[in-house]
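Down below is the structure, laid out as structure tokens.
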Amino acid sequence: MSTPLENDPSTAAAPSTGHRTGRTTRPPEVDRAAASRAAVAARRARAAVKADLAAGTRSPVEVLDTATGDPAGPEGTLRITDFLMSLKAIGVTKTAEILTRLPIADVKRLGGLGKHQRARLREFLLERFERARTGHLTRLVVLAGPTAVGKGTVARHIRQNYPDVLLSVSATTRVPRPGEVDGVDYYFVDDTEFDRLIADHELLEWAKVHNSHRYGTPRAPIERALAEGRSVLLEIDLQGARQVRAAMPDAVLVFLAPPSWDELVRRLIGRGTESQEEQRRRLATAKVELASQDEFDARVVNSSVPEAAREVVDLMQVRARRQRRAARSSGR
Ligand code: 5GP
């Protein structure tokens, strides 16, 4: 672990006293006074955040989210170590353990965490604090990623092995492939019925995928499942994922990535379910989708289906019936 920074950014940001630079470059007295007042105010604001966390009047997740939205604010400039040590039952040793496990350098500030660090810290906070408070954790997870990456296979593995998770069944205007069952793989509908679903606001999101057929997520089963405290998994395309994010900001967006581009092409051609024209269209969409990875909260590489499924499910904090990893309980 690295050693903490010596300087508080608030004091570091204050102008120097100007011994080396001489009179001409020395900031006017009034500026120095203002900067010093601002530094004191910033320190006070951070102290107030810490006091609120310690008193439980603000939730750690809410503070983290505020820091993310405003990295220069009191929450954003709060050191990760100060943040963690303000939380109930977390002292110096526990803080060091948590930072090693996540892993996050102890010099980091809440607003300066990387995307993945932030996602891991958020998961940790949710499990440790929110779950204990509410008794369960309800999650909406959106699994997206390029064509043929294996979203369907990972989603099916989750349906079979993690019965607590509701796998949303989409409506589509495309025709069933051999072996696909109406109501299980999709609700296969015609254009008129799809138009009606849109008009009656029965879809949480919908999109025309690969420039051909329309796909949409029925809203009612999801709202029912979330209200019952179940976790829900949507396996949809990028356009749909963006719509869900806009409609439900708490949704966790997971990007399922192929081990490599060549492997993606091999899987698409290998499964042989699309014509050459359709394959070309899907690979063109895949290029665009691969470029969008940064929009996601988490990235899972699909090298092994059970492993990828477990990583996705870990984000929902639900477990297979007989699966419980000892590592989870350590330090929490
Ligand atoms: P396929 O035709 O191979 O079953 O699916 C084609 C694409 O449609 C996949 O990328 C899949 O994720 C996406 N898709 C399936 N259901 C939905 C949905 O309800 N909404 C959106 N936006 N995309 C979907």
| said: Among (1) within 20 Å of Arg282 (Cα to Cα); (2) loosely packed, with under 13 Cβ neighbours inside 10 Å; (3) touching a residue at least 40 places away in the same chain (Cβ under 8 Å), there is one condition Pro259 misses while meeting the rest; what is its number? | reply: (2)
| request: Determine which single condition Leu315 fails, assuming it passes every other condition in (1) touching a residue at least 60 places away in the same chain (Cβ under 8 Å); (2) hydrophobic (A, V, I, L, M, F, W, C); (3) surrounded by fewer than 20 Cβ atoms within 10 Å (Cβ to Cβ). | output: (3)
| message | Against the condition crowded, with 20+ Cβ neighbours inside 10 Å, touching a strand residue (DSSP E or B) at 6+ places or on another chain (Cβ under 9 Å) and part of a loop (DSSP other than H, G, I, E, B), how does Val154 come out, does it pass? | response | no
| query | Does the stretch 113-122 contain any residue that is within 30 Å of Arg230 (Cα to Cα), free of Cβ contacts under 8 Å to residues at least 40 places away in the same chain and either acidic (Asp, Glu) or outside any loop (DSSP other than H, G, I, E, B) (or both)? | reply | yes
| query | Can you tell me which residues in the stretch 198-217 are without any contact (Cβ under 8 Å) to a residue 40 or more places away in the chain and within 11 Å of the ligand (Cβ to nearest atom)? | reply | Leu203, Trp206, Ala207, Lys208
| query | Can you name the residue in the stretch 183-197 that is surrounded by 16 or more Cβ atoms within 10 Å (Cβ to Cβ) and among the hydroxyl-bearing types (Ser, Thr, Tyr) and, of all such residues, is farthest from the ligand (Cβ to nearest atom)? | reply | Tyr187
| Among the candidates Ala227, Ala286, residue that is touching a residue at least 40 places away in the same chain (Cβ under 8 Å) and in the same structural domain as Arg177 (by TED's automatic domain parsing) | Ala286
| field | Scan of the stretch 158-212 for residues that are at pLDDT below 95, assigned to a helix (DSSP H, G or I) and not charged (D, E, K, R), ordered by number | value | Ile158, Gln160, Asn161
| query | If you take the residues in the stretch 218-258 that are of a type in the set (Asp, Glu) and within 12 Å of the ligand (Cβ to nearest atom), which one is modelled with the highest pLDDT? | reply | Glu235
| query | When Glu75 is evaluated against the numbered criteria (1) part of a helix (DSSP H, G or I); (2) closer than 21 Å to Leu121 by Cβ; (3) at pLDDT 95 or above, which criterion, by number, is the only one it fails? | reply | (1)
| Residue that is surrounded by the fewest Cβ atoms within 10 Å (Cβ to Cβ) [pool: residues in the stretch 198-221 that are within 17 Å of Ala241 (Cα to Cα) and of a type in the set (S, T, N, Q)] | Asn211
| request: Determine, yes or no, whether Arg109 is at pLDDT 95 or above and basic (Lys, Arg). | output: yes
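The values are calculated or read from the model by the stated rules, or taken from the named source; none is laboratory data. Here the structure is a predicted model, which is why all the values come from computation and not from measurement. With ideal geometry, Cβ positions are generated from the backbone for all residues, glycine too; neighbour counts draw on all protein chains shown.
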